[in-house]
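Let me begin by presenting the structure, written as structure tokens, before commenting on it.
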Number of protein chains: 2
Amino acid sequence: MPFITLPFVPSIADVAAEVLNLAEAGPLILAAVLLSLVVIYIASKVGGEICARINFPPVLGELVGGVVVGISVLHLLVFSEGAVTEPSVLTTFIQQTAGMDGTVASVVASTASEVISVLSEIGVMILLFEIGLESDLQGLLKVGPQAAVVAIVGVVAPFTAGTLGLVTLFHVDLVPAIFAGAALTATSIGITAKVLAEIQRLTSREGQIIIGAAVLDDILGIIVLAVVASLAKTGTVEVSNVIYLILSSVVFLVGSVVLGRLLSPFFLGMVDRLTTRGSLLIPSLIFAFVLGYVAVILQLEAILGAFTAGLVLGETEKRRELEEQILPIADMLVPVFFVCVGARTDISVLNPLEPENRAGLIIASFLVVVAIIGKVVTGATVFGQPGINRWAIGIGMVPRGEVGLIFAAVGSASGVLSKSLEAGIIVMVILTTFLAPPLLRLVFKKPQAEENLLPEGAGVAVESPPEG
Amino acid sequence: MPFITLPFVPSIADVAAEVLNLAEAGPLILAAVLLSLVVIYIASKVGGEICARINFPPVLGELVGGVVVGISVLHLLVFSEGAVTEPSVLTTFIQQTAGMDGTVASVVASTASEVISVLSEIGVMILLFEIGLESDLQGLLKVGPQAAVVAIVGVVAPFTAGTLGLVTLFHVDLVPAIFAGAALTATSIGITAKVLAEIQRLTSREGQIIIGAAVLDDILGIIVLAVVASLAKTGTVEVSNVIYLILSSVVFLVGSVVLGRLLSPFFLGMVDRLTTRGSLLIPSLIFAFVLGYVAVILQLEAILGAFTAGLVLGETEKRRELEEQILPIADMLVPVFFVCVGARTDISVLNPLEPENRAGLIIASFLVVVAIIGKVVTGATVFGQPGINRWAIGIGMVPRGEVGLIFAAVGSASGVLSKSLEAGIIVMVILTTFLAPPLLRLVFKKPQAEENLLPEGAGVAVESPPEG
């Protein structure tokens, strides 16, 4: 039926009630979501295939595809981020093909972009669930101390170098300098993990250290962001909040793994008694989504919950079956995430012909150098792992990705950043995100010594194939 | 990061801007969606497993599970349908666990319910795509004339009997009587197809006739709804609109199948040249979503596009591979649809202890009888198919499901229906929806003669297994 199938939320209805009846908008929202997904899929496939052909990681192509269809170039996929923006090309297209007036079209388009955002969030959760499944909990625990050192150095080194450099070399005020320094601490676990999976090094020793460090870095990043956000807002740091975040992350990570392992026999017993379709998949998703919910409620990230759920379920005998079932779901939802990350990135700040960009580009070149060196040095800190590929670990921590974009967005919202510093942070995020995947592939290209695999060799068998 | 990851749409932002900053709401919307999905999955599994144990179709359990968590009982999953409703229990729960104030919670919950609605729409598209893949285009065309007669009789018989009965027996005015009669014409292709798949009769001769007739009934329903909606609004029928709908449905169905078959060699050639993950799945989803978009734009339904896409791709050599990949995706998304259909259904109108329900229940009992007989007689119209199970075909057309709910919602919005007539329609929708699956299973229980399968026997090999 072309009439109401989607309900209307009161808040949107307030705006929309005067211009459209409910019966009209429901299917149009669906249509807008479908069209956005088509744009996302085409961008991801065209970008991914081109990158695969020139021997670059496909995920880089998905990011670039996202940039092309996003805010920077084609304006097909535009997220309003709270500000009222120009209608996207997609909105105009839907408006014309469906014969809506402008107000209806903008309500439909903004609701659809909200839906796409949530789909991309679920996409990165599925990715981290898959990564968790493929990771080896024992192996992760074994490299835990090394991962912790890598994570901590990878936060401290770029933060201090960045903040001090900005204050001394560029005479930036302390609070904005601390903010920019904080933005340097992030690591995009999604991008790194995806590249590692693509080159089948997820379960190598290096891969496990990178994943472990990236997870810890994610938590450290949350704490750093909380600190600088409160600093930017009130000028002081709420110590109690910092302690709360540290405690809740530790309790969450340890608690969910311990509890999950205790409960997994019951879980398997229940799964074996189910007879309807999705008997393994649905309970697993329930587990992942509950942990994701708890993580968000604790002010952590949903992807941490999805990752630990995958890690725990990866310990069970259902691992392979679940991996097979999650594969097409990941194929469907993960590209939404990467294309959206690209689409949100405004690369216009990279244009040196625009005079107002130049101050930002000078700061950016400093930030990029600090961002890369500050993470690459972490590879040198790995101890007790003879023959390990230190370059790979350092470079694996480089991409800032969506996490860096969040820092930039929060900084922009707080109003403490100057325009050039904000542009500098965005350029740093773009370059680290786009340089890291090919570099990571390059440093892993060196012939892989046998010892670089986990002793048990568990990794080889469980690595995801590069193709779906 | 617990800070902004989802953008805010201007319309919601208008409402929300005063009470929350953007950084707060994004992850909470994700959290609300995750929690809603957990509720949906638990409802679908508990309901489905109970039904499977007592030998009822699992999909009935998903519907009942939806009723339990929905507007009728637990209020965990509530769709506002444009009206401002009481906050759902889920909203209150999220509000308390996340420590939000009420206004933020209601914005978050309403956005989340919008996302869940779109997910359920995509879920039913995936279901129809799967049904299309498993259907046999040749077999469908072969039973086309029979399906057309079944569809037309199944619209005309309940419409005339219902409208005349209401006018003569209950002295209802003509326009509301026509509206109620129109609501009797619907058939829920989703529920019927799901039950047929569950009992592995999708590709039997009866199954193919039912699917063909249900698809045509969907189109007839769109036309009938357009006619009665315009009648209720203006008192007249726009003939040009009716002609437009008829022409566009024919052009869409024939055009997409013909074009799809012409283009499928190019499609397969392209798929074979892709090297990255999702090389078959993503192009197939692009095809299904484009056709779904076109269907909505033509004022048809997105599920028609998904069905024809599945039908065309089911003709190719990639059929089995695609079926395997779509299976976990369907397991993940299809339950969202059925639970949402149940959650939207308000069964309080069934309570005879409530005095104001009684007039509705008397009309309802008349409507239910007409609804069942009016569809069951269609089985008698099947010609040239000796030994066919006529009861099965008739009963396969009975469930009104979500399509009936749409008629009730449009009728309610138009204001032409009296309270008792509206309640009567909802009761009719509930009973036909919940009675048909067990009845269908019952009439198919009779030992199946060999001739009841398609001559080629193609059906047996391609039927979906009852478990995932």
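The values are calculated or read from the model by the stated rules, or taken from the named source; none is laboratory data. Note that the coordinates shown come from a computational prediction; the quantities given were computed from them, not determined experimentally. No Cβ is skipped: glycine too gets one built from the backbone with ideal geometry, and neighbour counts run over all protein chains shown.
If you go through the range B:231-281 and keep only what is at positive phi and exposed (fewer than 13 other Cβ atoms within 10 Å of the Cβ), you end up with just B:235. Name the residue that is farthest from residue A:176 (Cα to Cα), counting only residues in the range A:363-392 that are free of Cβ contacts under 8 Å to residues at least 40 places away in the same chain, surrounded by 14 or more Cβ atoms within 10 Å (Cβ to Cβ) and of a type in the set (A, V, I, L, M). Among residues in the range A:363-392 that are free of Cβ contacts under 8 Å to residues at least 40 places away in the same chain, surrounded by 14 or more Cβ atoms within 10 Å (Cβ to Cβ) and of a type in the set (A, V, I, L, M), the one farthest from residue A:176 (Cα to Cα) is A:376.
Being small (Gly, Ala, Ser), crowded, with 21+ Cβ neighbours inside 10 Å and within 16 Å of residue A:299 (Cα to Cα): is that true of residue A:284 here? The answer is no for residue A:284. When B:32, B:43 are checked against the criterion of being surrounded by 24 or more Cβ atoms within 10 Å (Cβ to Cβ) and more than 13 Å from residue B:342 (Cβ to Cβ), a single residue qualifies: B:32. Inside the range A:162-174, residues that are closer than 18 Å to residue A:411 by Cα and crowded, with 18+ Cβ neighbours inside 10 Å make up a count of 4.
Evaluating residue B:299 against the criteria (1) surrounded by fewer than 21 Cβ atoms within 10 Å (Cβ to Cβ); (2) in a helix (DSSP H, G or I) leaves one unmet condition, (2).
Checking each residue in the range B:84-129 for being acidic (Asp, Glu) and at pLDDT below 80 picks out B:86, B:101.
Taking the stated definitions as given, is residue B:301 free of Cβ contacts under 8 Å to residues at least 60 places away in the same chain and more than 15 Å from residue B:259 (Cα to Cα)? No, not satisfied. The number of residues in the range B:382-420 that are under 23 Å from the mean Cα position of the chain (by Cα), at pLDDT below 90 and either assigned to a helix (DSSP H, G or I) or not assigned by TED's automatic domain parsing to the domain that holds residue B:178 (or both) comes to 14.
Look at the range A:397-411: where a residue is within 11 Å of chain B (Cβ to nearest Cβ) and a partner is surrounded by fewer than 24 Cβ atoms within 10 Å (Cβ to Cβ) and among the aromatic types (Phe, Trp, Tyr), sitting 6+ places away or on another chain with Cβ atoms under 8 Å, you get A:406/B:3; A:409/B:3; A:410/B:3.
Quick one: would you say residue B:127 is more than 11 Å from chain A (Cβ to nearest Cβ), touching a helix residue (DSSP H, G or I) at 6+ places or on another chain (Cβ under 9 Å) and surrounded by 24 or more Cβ atoms within 10 Å (Cβ to Cβ)? Spell out how you get there, then give the answer.
Details: more than 11 Å from chain A (Cβ to nearest Cβ): yes; touching a helix residue (DSSP H, G or I) at 6+ places or on another chain (Cβ under 9 Å): yes; surrounded by 24 or more Cβ atoms within 10 Å (Cβ to Cβ): yes.
In short, yes.
Considering the range A:252-280, and only residues there that are under 28 Å from the mean Cα position of the chain (by Cα), free of Cβ contacts under 8 Å to residues at least 12 places away in the same chain and not in a loop (DSSP other than H, G, I, E, B), the residue that is farthest from the other protein chains (Cβ to nearest Cβ) turns out to be A:258.
Against the condition of a type in the set (Val, Ile, Thr) and at pLDDT below 90, how does residue A:210 come out, does it pass? No, not satisfied.
Can you find a residue in the range A:334-352 that is in a helix (DSSP H, G or I) and over 25 Å from residue A:77 (Cβ atoms)? No; the residues of the range A:334-352 include none that is in a helix (DSSP H, G or I) and over 25 Å from residue A:77 (Cβ atoms).
If the condition is being more than 9 Å from every other protein chain (Cβ to nearest Cβ) and part of a helix (DSSP H, G or I), then the range B:33-61 contributes B:36, B:39, B:40, B:43, B:46, B:47, B:50, B:59, B:60.
Kindly check whether there is at least one residue in the range B:368-378 that is among the small types (Gly, Ala, Ser), in contact with a Phe, Trp or Tyr (Cβ under 6 Å, 6 or more places away or on another chain), more than 14 Å from every other protein chain (Cβ to nearest Cβ) and under 23 Å from residue B:195 (Cβ atoms). Within the range B:368-378 (the criterion being among the small types (Gly, Ala, Ser), in contact with a Phe, Trp or Tyr (Cβ under 6 Å, 6 or more places away or on another chain), more than 14 Å from every other protein chain (Cβ to nearest Cβ) and under 23 Å from residue B:195 (Cβ atoms)), the answer is no, since none of the residues qualifies.
In the set (1) over 27 Å from residue B:285 (Cβ atoms); (2) among the β-branched types (Val, Ile, Thr); (3) within 14 Å of chain B (Cβ to nearest Cβ), the condition left unmet by residue A:347 is number (3). Which of the residues belonging to the range A:175-227 are part of a helix (DSSP H, G or I), among the small types (Gly, Ala, Ser), surrounded by 24 or more Cβ atoms within 10 Å (Cβ to Cβ) and within 11 Å of chain B (Cβ to nearest Cβ)? Within the range A:175-227, A:197, A:221 meet the criteria.
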